[in-house]
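Participant: The structure's right below; bear with me while I get my questions together.
The values are calculated or read from the model by the stated rules, or taken from the named source; none is laboratory data. From a predicted model like this one, the values you see are computed outputs, not experimental measurements. Cβ placement follows ideal geometry from the backbone for every residue including glycine, while neighbour counts extend to all protein chains displayed. Accessible surface is based on the protein model in full, side chains and every heavy atom, while ligands, DNA and RNA are left aside. Shrake-Rupley method; radii C 1.70, N 1.55, O 1.52, S 1.80 Å.
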Amino acid sequence: MSRVLAVLAPLAAALLAPWGCAAPPPPASSLPGKLAVESAQTSDAVSEGASRTDVPSAAPPSEGQLSPARPEPDDGAGTLLVYTAITGRPPFAPDLARAQDPLGKNWTAASEEERGRALEAEIEEEVRRQQRALESLEAPDSAQPDFESLVSSQQATERANPRVAPDAPAPRELPISVFEITSVTIAANSWDNDEPLRVKRGVLDADGDGNPEQIRFFEPGSMQLLRLEEDSNYDGTLDSWSAYQQGALRSRVRDTSGDGRPDVWERYEDERMAERTIDRDHDGVADAFYVYADAILVEERHDANNDGAIDRRIFYEKLFRVRAEEDRNLDGQIDVWASYGVVQGKEVIERVEQATKGSGPPDRIESYDTSSGEPQLAKLEEDRDGNGTMDVISHYKNGKLVQREISDPNLAPL
């Protein structure tokens, strides 16, 4: 088969000779009859698709894809088939563009060079198509799944509202025959198992590089999925570990940064996410925590300075934020409390309490008028001497101060 591919390469040089490319030596032989027929049939099949396809750009195969074999010099029978499949006309037919422009008024060196590059790209792509077509004809089982269909993992559909719990991602359905199955024993406490566990281990190494794309563990009798380990980005390193119970996803740990350390921890209940923990800055310390109940977000917690202490909490009801608290000076004590209401279908802030000295009860309270759908400051209460009693109360209308009450004469004038 390598000879069949080999004969397709000289076309690039032969057809690009007018643009300065060296012509190949004269052909020394012709294709064997059987392969010539197969090539002709293949070119007929691809020419129909080629006529409907934009000119592809020649590029090396991406990581994880198999590189096509490099052609070797041979005769020109296959190259003529490729040329016809690409252009839709015999190789020696007159150039219509030149016939319409006999004096060469529209000809430029740049345009001619561009045409040469475009044709070369078409030829390279067609050589690859011929390669794939011939391989499928000569394969012992043409129905066998290809590499891409075997290793691509199914991604969970992200919902439009981030406050709705995502569905549990389902593992891609693959025939058991694509895995190399062995019996193994999992040591105690490896998977939260108190005793050694006898399981079936299935390894999928589709490209044969020694680095599995997937490893699945099954119950020995029922072959029900127990655990799934994946190399989700196909870089040769496992980066996702999922645990199942009675066939349903229960937890998943992921390394999204590729540094070898997990940075996302997920727990699932009833096919929906129940908890999610994230190490956002990939320093080894989890700093964002999300809790779901009845498939909606009810609480999120954040550790802004990675000291292990939560410094911001947000609480939700029926998809709306209702309350938040924060440690603004990061001293380990909550010093800001906010409450929210729902007006005209959206959440708006109603009240903010602050301990401006960093500890103790609130000494500043802001109340907002939300009747218009937008929060406007309506009242400001301040405990300026820190005795626990509000000393100054200011009233606002349409955002402007209209009245101020001072309970301690020592604070006047302000």
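Participant: Tell me yes or no: at least one residue of segment 306-316 is aliphatic (A, V, I, L, M), touching a strand residue (DSSP E or B) at 6+ places or on another chain (Cβ under 9 Å) and open to solvent by 50 Å² or more (accessible area, probe 1.4 Å).
Facilitator: Kept after step one, since they are aliphatic (A, V, I, L, M), are these residues of segment 306-316: 309-310, 314.
Adding the requirement that they be touching a strand residue (DSSP E or B) at 6+ places or on another chain (Cβ under 9 Å) leaves 310, 314.
Filter again for open to solvent by 50 Å² or more (accessible area, probe 1.4 Å), leaving none.
Within segment 306-316 (the criterion being aliphatic (A, V, I, L, M), touching a strand residue (DSSP E or B) at 6+ places or on another chain (Cβ under 9 Å) and open to solvent by 50 Å² or more (accessible area, probe 1.4 Å)), the answer is no, since none of the residues qualifies.
Participant: Please enumerate the residues belonging to segment 220-261 that are within 13 Å of residue 169 (Cα to Cα) and among the β-branched types (Val, Ile, Thr).
Facilitator: 253
Participant: Still on this model: Can you go through 316, 234 and tell me which one is hydroxyl-bearing (Ser, Thr, Tyr) and farther than 30 Å from residue 201 by Cα? Give the steps one after another, and end with the answer.
Facilitator: Numbers: 234 fails: farther than 30 Å from residue 201 by Cα.
Sole residue among the options that is hydroxyl-bearing (Ser, Thr, Tyr) and farther than 30 Å from residue 201 by Cα: 316.
Participant: Of everything in segment 206-220 that's open to solvent by 50 Å² or more (accessible area, probe 1.4 Å) and without any contact (Cβ under 8 Å) to a residue 60 or more places away in the chain, which residue is nearest to residue 248 (Cα to Cα)?
Facilitator: Ranking the qualifying residues of segment 206-220, first place goes to 219.
Participant: Restricting attention to segment 163-172, report how many residues are open to solvent by less than 60 Å² (accessible area, probe 1.4 Å), out of contact with any Phe, Trp or Tyr (no Cβ under 7 Å at 6 or more places or on another chain) and in a loop (DSSP other than H, G, I, E, B).
Facilitator: 4
Participant: For residue 330, indicate whether it is out of contact with any Phe, Trp or Tyr (no Cβ under 9 Å at 6 or more places or on another chain), more than 20 Å from residue 279 (Cα to Cα) and either surrounded by fewer than 16 Cβ atoms within 10 Å (Cβ to Cβ) or not hydroxyl-bearing (Ser, Thr, Tyr) (or both).
Facilitator: Judged against the criteria, residue 330 is not a match.
Participant: Within segment 284-297, how many residues turn out to be assigned to a loop (DSSP other than H, G, I, E, B), out of contact with any Lys or Arg (no Cβ under 8 Å at 6 or more places or on another chain) and either buried (at least 18 other Cβ atoms within 10 Å of the Cβ) or among the aliphatic types (A, V, I, L, M) (or both)?
Facilitator: 2
Participant: Give the residues of segment 221-242 that are open to solvent by 40 Å² or more (accessible area, probe 1.4 Å) and within 24 Å of residue 166 (Cα to Cα), sorted by residue number.
Facilitator: Hits for segment 221-242 are 224, 227, 232, 233, 238, 241.
Participant: In segment 173-205, which residues are open to solvent by 80 Å² or more (accessible area, probe 1.4 Å), more than 17 Å from residue 222 (Cβ to Cβ) and in a loop (DSSP other than H, G, I, E, B)?
Facilitator: The answer is 189, 192, 194, 195, 196.
Participant: A follow-up question, please. Out of segment 269-283, which residues are surrounded by 14 or more Cβ atoms within 10 Å (Cβ to Cβ) and in contact with a strand residue (DSSP E or B) (Cβ under 9 Å, 6 or more places away or on another chain)?
Facilitator: Once the filter is applied, which keeps residues that are surrounded by 14 or more Cβ atoms within 10 Å (Cβ to Cβ) and in contact with a strand residue (DSSP E or B) (Cβ under 9 Å, 6 or more places away or on another chain), segment 269-283 yields 269, 272, 273, 274, 275, 276, 277, 278, 279, 280.
Participant: How many residues does segment 380-405 contain that are at negative phi and open to solvent by less than 70 Å² (accessible area, probe 1.4 Å)?
Facilitator: Selection size over segment 380-405: 11.
Participant: Right, something else. So which strands (runs of 3 or more DSSP E) stay within segment 224-263 end to end and still have 3 or more residues that are out of contact with any Phe, Trp or Tyr (no Cβ under 9 Å at 6 or more places or on another chain)? Spell out how you get there, then give the answer.
Facilitator: Working: elements: 225-230, 240-245, 248-254.
In segment 224-263, 240-245 are the strands (runs of 3 or more DSSP E) which contain 3 or more residues that are out of contact with any Phe, Trp or Tyr (no Cβ under 9 Å at 6 or more places or on another chain).
Participant: Look at residue 253 and say whether it is modelled with pLDDT of 90 or more, more than 20 Å from residue 179 (Cβ to Cβ), in contact with a strand residue (DSSP E or B) (Cβ under 6 Å, 6 or more places away or on another chain) and not acidic (Asp, Glu).
Facilitator: Details: modelled with pLDDT of 90 or more: yes; more than 20 Å from residue 179 (Cβ to Cβ): yes; in contact with a strand residue (DSSP E or B) (Cβ under 6 Å, 6 or more places away or on another chain): yes; not acidic (Asp, Glu): yes.
Yes.
Participant: On to the next question. Would you mention how many residues in segment 243-258 are open to solvent by less than 70 Å² (accessible area, probe 1.4 Å) and free of Cβ contacts under 8 Å to residues at least 24 places away in the same chain?
Facilitator: Summing the residues that are open to solvent by less than 70 Å² (accessible area, probe 1.4 Å) and free of Cβ contacts under 8 Å to residues at least 24 places away in the same chain in segment 243-258 gives 6.
Participant: Buried (at least 18 other Cβ atoms within 10 Å of the Cβ) and hydrophobic (A, V, I, L, M, F, W, C) - does that describe any residue in segment 357-369?
Facilitator: no
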